[in-house]
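Participant: Take a look at the following structure, please.
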Amino acid sequence: MARIPNNELDRLKSEVSLVRLVESSGIELKKHGKDYLGLCPFHDDKEPSLVISPDKNLWHCLGACNEGGDVIQWVMKRQGVSFRHAVELLKGGDAALSVPATPVKRNTTAKHSSPLVANPDDQKQLAVVIDYYHETLKQSPDALEYLNSRGLGDAELIDCFKLGYANRTLGYRLPVRNRKAGAEVRGQLQRVGIWRCQPWRAKRRLVVPSSREAALLTRRAHSARG
């Protein structure tokens with residue numbers, strides 16, 4: 001799995017307001033000098049021991065936890081997810097979703113709102129996936145830079161051919177696998193060739209929806225490579 005670029009991590013750590021993130025999860029904060037204080041959600045806190053330092057965008061518990069970190073560590077701890085999953089939540093703007101007031105066990109359940117539900121029409125389902133990959137491409141500097149290097153970076157061309165980028169985040173957008181909705185949508189995606197149980201069929205790849213025009217575009221890309 002590709003490493004998350006340091007500049008992307010630094011951007012999230014500096015641009016995502018920790019104060020807003022904490023307050024959005026249901027924790028009341030009160031100004032105390034340059035910092036903010038609140039009840040720590042990770043232990044049975046009776047007196048405010050959670051300190052948020054907006055100048056540094058860091059948090060620290062002065063109580064029983066004695067833990068702290070940046071916005072990524074907050075999401076990992078508060079929502080019980082992995083480092084990579086926390087980064088994806090922050091990138092998607094979904095990390096401020098309210099969560100239980102008590103800490104949760106670490107898990108891999110997706111916290112994103114899901115754009116995919118089972119659809120009796122396979123073509124319509126494929127259209128949803130194509131739209132998702134298309135939007136993912138337009139939000140990925142690395143993918144856009146790659147297209148530019150192949151002479152395919154024109155915005156009108158990208159929109160016309162609905163070019164997309166599969167970067168493994170679609171899995172986070174699916175319903176939980178151990179629920180009926182999750183099993184149904186995974187079964188459908190597997191049937192139409194989008195999904196494989198292990199590994200993903202498409203991971204960090206350029207996606208070109210199939211059409212006669214797209215075939216010409218693909219040949220153009222191969223010519224540019226040579």
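Participant: Pop out the carbon and sulfur fraction of the accessible area of the stretch 150-192 as a percent, whole number, probe 1.4 Å.
Facilitator: Percent of accessible area from carbon and sulfur atoms in the stretch 150-192: 48.
Participant: Restrict the search to the stretch 10-41; then list the trypsin sites (Lys or Arg not before Pro) that DSSP places in a loop and that have at most 10 other Cβ atoms within 10 Å of their Cβ. Don't jump to the answer; show the numbers that get you there.
Facilitator: Details: sites: 11, 13, 20, 30, 31, 34; in loops: 34.
Those satisfying the criteria are 34.
Participant: Above 14 Å lies some portion of the pair distances; for the stretch 1-76, what is it as a whole percent of all C-alpha pairs?
Facilitator: The calculated P(r) of the stretch 1-76 puts 60 percent of pairs beyond 14 Å.
Participant: Could I ask something else about it? Using a 1.4 angstrom probe with every protein chain in place, what is the largest-first accessible-area order of 140, 24?
Facilitator: Output order, biggest surface exposure first: 24, 140.
Participant: Students often check this: by mean Cβ neighbours within 10 Å, which of 42-53, 118-129 ranks highest, and how do the rest follow?
Facilitator: Working: 42-53: 16.3, 118-129: 13.7.
Peptide ranking by packing, descending: 42-53, 118-129.
Participant: Note down the accessible area of residue 160, probe 1.4 Å, to the nearest 10 Å².
Facilitator: The value for residue 160 is about 90 Å².
Participant: Turning to a different aspect of this structure: Using a simple charge model, +1 on the beta-carbon of Lys and Arg, -1 on the beta-carbon of Asp and Glu, nothing else, what dipole does the stretch 127-171 show about its Cα centre, in debye to the nearest 20?
Facilitator: Numbers: 4 positive and 7 negative charges, 36 e Å.
The calculated dipole for the stretch 127-171 is roughly 180 debye.
Participant: What percent do you get for the relative contact order of the stretch 15-64 when only Cα pairs under 8 Å and 6+ apart count?
Facilitator: So the answer I get is 31 percent.
The values are calculated or read from the model by the stated rules, or taken from the named source; none is laboratory data. These numbers were taken from a predicted model, which means no experiment stands behind them. A quick note on method: Cβ atoms are made from the backbone with ideal geometry, for glycine too, and the neighbour counts reach across all protein chains shown. Calculation scope for accessible area: heavy atoms of the full protein, side chains included, ligands and nucleic acids excluded. Shrake-Rupley method; radii C 1.70, N 1.55, O 1.52, S 1.80 Å.
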